[in-house]
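Written below as structure tokens is the structure these notes are about.
The values are calculated or read from the model by the stated rules, or taken from the named source; none is laboratory data. What you are looking at is a predicted structure, and each value in this text was computed from that prediction instead of being measured. So basically every Cβ, Gly included, is an ideal-geometry build from the backbone, and we count neighbours across all protein chains shown.
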Amino acid sequence: MSILKNKKLIFISLSVLLLLAIFLIFYFSWSTNYHSKLLPKTYIGNLNVSGLNINEVKVLLENEERYIREKGIIFSYNNESKTFPLSAVSTSPDIPENLLYVDSFVFDIETTINNAFSKKNRSFINYIKTYLIKNYINQTFLSFYYQDEIVLDWLDKNFPSLNIPAENAYFSLNEEGELINNKEKIGKTVALENLKNDLEEALKNLKQAQIEIKTQSQYPNILQTDLEVLRPQAEEILAKGDFIIFYFDESKKGKEKLTFSVAPTELITWITTKNIKQTPTFSFDLEKIKKYLSSEIAKQVDQTIILPRFEVTANKVSSWQVGKDGRELDLELSAENILNSLTTNTWEAEIKTKVIRVEDFTSENDFSIKELIGVGHSNFAGSSANRRHNIKVGADAVHGMLIKPGEEFSLVNTLGEIDANSGYLPELVIKGDKTIPEYGGGLCQVATTLFRSALSSGLPITARRNHSYRVSYYEPAGMDAAVYDPWPDVRFVNDTNNYILIQSRIEGDDIYFDFWGTKDGREATTTTPVIYNIVKPPATKIIETNDLEPGQKHCTESAHNGADAYFDYIVIYPEGATTTPRQEVRFNSHYVPWQEVCLVGKEEEKVEETEIIEEELIEEELIEE
């Protein structure tokens with residue numbers, strides 16, 4: 001018995017020693033081989049990253065992101081496919097197309113790497129699991145976020161039949177003037193949850209997204225049967241004649257009364273029903289009234305505000321454009337007034353407006369503009385005549401602008417419409433195999449210079465996007481800013497306690513923006529940009545076209561190296577400031593390598609000499625016959 005016990009004890013001891021030895025071997029292997037690497041059977045999405053270190057994973061993820069961006073997101077609906085762009089298109093340095101779509105998707109590689117290399121994912125327990133569990137996978141997903149409203153807007157523009165709103169039954173008149181009630185229509189809309197799930201599932205697994213768009217029905221609230229019981233009341237409205245809308249224009253002498261007539265044919269389209277205790281009840285649609293006011297009345301009542309403009313001459317502020325109050329139709333109040341009048345059978349209603357006031361700036365003391373607080377500069381040597389013209393027009397649009405304390409400045413809003421009516425000239429850009437004129441060339445010079453002025457003044461930057469590729473006009477790399485309506489934009493906040501006045505100067509090939517105000521003791525500095533990861537561009541891309549003479553060559557794109565760049569922006573506030581004493585922001589920029597793109601006129605097809613001789617012989621034979 002004692003011998004058996006001894007054998008069992010020996011067996012147990014050996015087993016424990018063996019397990020301990022295995023444990024130590026595994027632990028030694030884990031601590032030695034995977035100290036700074038990912039464990040076996042580790043995936044980011046569907047990408048096997050087992051045994052890779054941080055730098056290797058970063059390169060791999062950046063390559064995957066580049067591939068996904070180049071391919072874009074393919075959306076399909078009714079056998080039609082279109083690609084949502086995730087990378088910029090080559091048109092012109094000053095016309096950064098697709099950046100709105102590019103910036104709407106952000107792939108957070110840093111967070112993804114941090115998640116993959118977390119202690120939990122690389123723990124010894126997980127290492128043991130890779131050997132003990134047959135189908136075990138240690139998976140991390142790509143971290144990203146996107147703006148779904150931009151995606152939905154793009155889908156609306158590219159798939160017009162995708163969203164069809166439901167139509168309620170409504171009254172109208174036929175050609176004979178008879179009242180008819182039109183049948184309701186079922187609509188459809190994007191199945192948003194399905195769309196989001198499919199999109200996120202593809203991207204988090206590092207797949208190129210190919211999304212089959214699904215729709216769901218939208219049902220009307222008012223049916224044809226609901227309207228039928230309201231026919232007598234609708235006929236009464238027809239008999240009443242025009243509904244009168246009036247407005248008192250107080251800006252004119254004598255408080256002029258303006259009147260507008262709404263025909264019965266319009267009024268009956270406003271009729272709707274409300275179900276009260278499951279019984280259709282006669283009513284008017286407030287939203288339809290607002291829509292009518294907005295499209296038909298507002299343009300006759302609204303007056304655009306004229307902002308004052310100022311300039312500094314001999315250190316004295318003077319006005320060269322006096323401001324003028326504006327007004328706009330108060331849609332909410334006006335629509336309510338009309339609805340109340342219709343409900344009470346009062347066949348007229350007064351509409352109201354809101355005054356948009358311009359503050360009276362009558363002297364220098366009103367805005368405390370005393371000194372220069374910052375200057376931005378850039379050089380546009382080598383620009384075409386049209387580009388120079390556009391830079392001047394853009395600079396003039398900003399010149400004289402006053403920024404209130406606490407106000408956010410937006411360059412896109414300040415520039416307004418960028419077209420011929422605003423004084424801009426077109427620049428030739430390449431679209432497919434054609435050169436077409438497009439407005440906006442030169443405005444990024446304005447954006448870059450304003451960005452640098454805001455930095456020089458120590459103001460908080462709230463929006464700035466670098467160009468897709470390096471452009472000589474905006475060197476040094478990393479300190480440029482792009483602008484395009486509606487995005488990208490240049491925005492910054494006047495966080496001083498005084499007004500800031502913007503002045504523009506163009507001296508030869510140099511443009512400056514001077515910010516005037518009152519210094520509050522803050523000190524702003526920027527470090528010299530660090531440029532790294534330089535990548536050579538691909539070979540020249542030649543596009544044959546019929547728009548040029550045969551053999552003629554026209555290039556609007558020159559080659560640019562790809563690179564990454566960053567600089568630090570440091571603002572130190574004076575003692576007693578209400579913000580953090582020191583604020584530091586790093587501005588990162590990524591520039592893709594850009595190939596030279598040229599159009600070349602197609603050569604005429606050469607007809608072989610033997611073919612010409614044969615054709616001439618055939619012609620001679622026909623003549624002889």
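Among the residues of region 444-460, which ones are of a type in the set (A, V, I, L, M) and more than 16 Å from residue 373 (Cα to Cα)?
The initial filter retains those residues of region 444-460 that are of a type in the set (A, V, I, L, M), namely 446-447, 450, 454-455, 459.
Within region 444-460, 446, 447 meet the criteria.
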Practice task
Six or more apart or on different chains, Cβ under 7 Å: which pairs go from a residue in region 327-345 that's farther than 23 Å from residue 358 by Cα to one that's part of a helix (DSSP H, G or I)? Could you list them?
Solution key: 334/293; 335/286; 335/289; 335/290; 335/293; 338/289; 339/286; 339/289
Practice task
Being over 17 Å from residue 95 (Cα atoms) and of a type outside the set (Gly, Ala, Ser) narrows it down to one of 443, 455, 411, so name that one.
Solution key: 455
Problem - Given (1) in contact with a Leu (Cβ under 9 Å, 6 or more places away or on another chain); (2) buried (at least 19 other Cβ atoms within 10 Å of the Cβ), index of the condition residue 53 fails - result: (2)
Handout entry: Which numbered condition residue 50 misses (of (1) assigned to a strand (DSSP E or B); (2) within 25 Å of residue 135 (Cα to Cα); (3) touching a Lys or Arg at 6+ places or on another chain (Cβ under 7 Å))
Key = (1)
Completion exercise
Restricting region 113-156 to residues that are over 27 Å from the mean Cα position of the chain (by Cα) and among the small types (Gly, Ala, Ser), the one nearest to residue 270 (Cα to Cα) turns out to be 116
Handout entry: Selected residue (criterion: surrounded by the most Cβ atoms within 10 Å (Cβ to Cβ)) from residues of region 455-472 that are polar (S, T, N, Q) and more than 23 Å from residue 559 (Cβ to Cβ)
Key = 457
Exercise for the section: Please indicate, with yes or no, whether at least one residue in region 131-148 is outside the structural domain of residue 282 (by TED's automatic domain parsing), among the aromatic types (Phe, Trp, Tyr), surrounded by 15 or more Cβ atoms within 10 Å (Cβ to Cβ) and assigned to a helix (DSSP H, G or I). Expected result: no
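Looking at residue 206, is it aliphatic (A, V, I, L, M) and assigned to a loop (DSSP other than H, G, I, E, B)?
yes
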Handout entry: Filter result (within 22 Å of residue 99 (Cα to Cα) and either in a helix (DSSP H, G or I) or assigned by TED's automatic domain parsing to the domain that holds residue 263 (or both)) within region 151-194
Key = 151, 152, 153, 154, 155, 156, 157, 158
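Take residue 540 and tell me if it is more than 13 Å from residue 454 (Cα to Cα) and touching a residue at least 40 places away in the same chain (Cβ under 8 Å). Don't jump to the end; show me each part of the working.
Numbers: more than 13 Å from residue 454 (Cα to Cα): yes; touching a residue at least 40 places away in the same chain (Cβ under 8 Å): yes.
Here the answer is yes, as residue 540 does meet what is asked.
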Completion exercise
Scanning region 473-532 residue by residue, those in contact with a helix residue (DSSP H, G or I) (Cβ under 7 Å, 6 or more places away or on another chain), surrounded by fewer than 24 Cβ atoms within 10 Å (Cβ to Cβ) and not in a strand (DSSP E or B) turn out to be 473, 479, 484, 485, 486, 487, 489
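Restricting to region 64-90, and then to whatever is within 26 Å of residue 44 (Cβ to Cβ) and of a type in the set (D, E, K, R), can you tell me which residue is nearest to the chain's Cα centre (by Cα)? Before you say what the answer is, go through the steps one by one.
So the first thing to find is which residues in region 64-90 are within 26 Å of residue 44 (Cβ to Cβ), and the list is 64-75, 83-88.
Narrowing the set further to residues that are of a type in the set (D, E, K, R) leaves 64-66, 69-71.
On the way: 64: 23, 65: 19, 66: 20, 69: 16, 70: 18, 71: 19 Å.
Step by step, filter region 64-90, then rank; the result is 69.
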Fill in the blank from the handout: Scanning region 209-257 residue by residue, those in contact (Cβ under 8 Å) with a residue 40 or more places away in the chain, under 24 Å from residue 347 (Cβ atoms), in a strand (DSSP E or B) and out of contact with any Asp or Glu (no Cβ under 6 Å at 6 or more places or on another chain) turn out to be 243, 245, 247, 248
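Among the candidates 255, 299, single out the residue that is on the phi > 0 side of the Ramachandran plot and either surrounded by fewer than 12 Cβ atoms within 10 Å (Cβ to Cβ) or in contact with a Leu (Cβ under 6 Å, 6 or more places away or on another chain) (or both). Full working, then the answer.
Numbers: 299 fails: on the phi > 0 side of the Ramachandran plot.
Sole residue among the options that is on the phi > 0 side of the Ramachandran plot and either surrounded by fewer than 12 Cβ atoms within 10 Å (Cβ to Cβ) or in contact with a Leu (Cβ under 6 Å, 6 or more places away or on another chain) (or both): 255.
Considering only region 66-103, state which residues are among the acidic types (Asp, Glu), crowded, with 18+ Cβ neighbours inside 10 Å and modelled with pLDDT of 95 or more. If you could, list the steps in order and put the result at the bottom.
Taking region 66-103 as the starting set, the residues that turn out to be among the acidic types (Asp, Glu) are 70, 80, 94, 97, 103.
Remaining after also requiring crowded, with 18+ Cβ neighbours inside 10 Å: 94, 97.
Across region 66-103, there are no qualifying residues.
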Handout entry: Looking only at region 157-180, and only at residues there that are within 21 Å of the chain's Cα centre (by Cα) and exposed (fewer than 12 other Cβ atoms within 10 Å of the Cβ), the one that is farthest from residue 216 (Cα to Cα)
Key = 157
Exercise for the section: Among the numbered conditions (1) at pLDDT 95 or above; (2) surrounded by 15 or more Cβ atoms within 10 Å (Cβ to Cβ), tell me where residue 193 comes up short. Expected result: (2)
Practice task
Give me a count of the residues in region 258-274 that are surrounded by 14 or more Cβ atoms within 10 Å (Cβ to Cβ), hydroxyl-bearing (Ser, Thr, Tyr) and either at positive phi or assigned to a helix (DSSP H, G or I) (or both).
Solution key: 1
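Working carefully through the options 480, 489, find the one that is among the acidic types (Asp, Glu), in the same structural domain as residue 582 (by TED's automatic domain parsing), at pLDDT 95 or above and touching a strand residue (DSSP E or B) at 6+ places or on another chain (Cβ under 6 Å).
On the way: 480 fails: touching a strand residue (DSSP E or B) at 6+ places or on another chain (Cβ under 6 Å).
Matching residue, one of 480, 489: 489.
Please return the ranges of helices (runs of 4 or more DSSP H) entirely within region 331-446 where 1 or more residues are at pLDDT 90 or above, of a type in the set (D, E, K, R) and under 28 Å from residue 294 (Cα atoms).
Values: elements: 331-343, 385-398, 411-415.
In region 331-446, the matching helices (runs of 4 or more DSSP H) lie at 331-343.
Being outside the structural domain of residue 103 (by TED's automatic domain parsing) and farther than 21 Å from residue 496 by Cβ is true for just one of 457, 410, 422, 453. Which residue is that?
Values: 457 fails: farther than 21 Å from residue 496 by Cβ; 410 fails: farther than 21 Å from residue 496 by Cβ; 453 fails: farther than 21 Å from residue 496 by Cβ.
Unique residue meeting the criteria: 422.
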